[in-house]
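Below is one structure, written out as structure tokens; comments come after it.
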Amino acid sequence: MNIQNFITEWIAASNAFHTEKYLDFYLPNAILDDPSVGMKFNGRQGIKKYFDNYFIGYNTHTEQVNIIINDQQNIHLEVIFTGDFPEGKVGGTFDFNFRNGKIAFAKANLIH
């Protein structure tokens, strides 16, 4: 698996608000933990709710700033989010754990 290509395609699906394609990057039982919204989202249905509310709902677009590939299962991604939210532009991070070529766990955080 080429991790940089995976992340580039994941961001492109997110920025295009292509929900089904975005969700396909996750395992069916993946968990997305976002302390900045105070919730964990379980499975693709939970992650869909997160995507609908915080990405589509706020017209959020993501730009990669930096990626640290720890190994083929774990990466740290730094991003900039822009959208229709009060700050207009804010930094963020994702820590991903991959299994079988998909995201098994993601922890998202905003950088204020």
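The values are calculated or read from the model by the stated rules, or taken from the named source; none is laboratory data. In this text the structure is predicted, and so the values were computed from the model without any measurement. Cβ coordinates were reconstructed from backbone atoms using ideal geometry, including for glycine residues, and neighbour counts include every protein chain displayed.
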Inset, instruction - Give His61, His18 a once-over and let me know the one that is touching a Gly at 6+ places or on another chain (Cβ under 9 Å) and more than 20 Å from Phe105 (Cβ to Cβ). - result: His61
Legend entry - Which listed residue, of Tyr26, Tyr22, is closer than 14 Å to Asp95 by Cα, of a type in the set (Phe, Trp, Tyr) and modelled with pLDDT of 95 or more: Tyr26
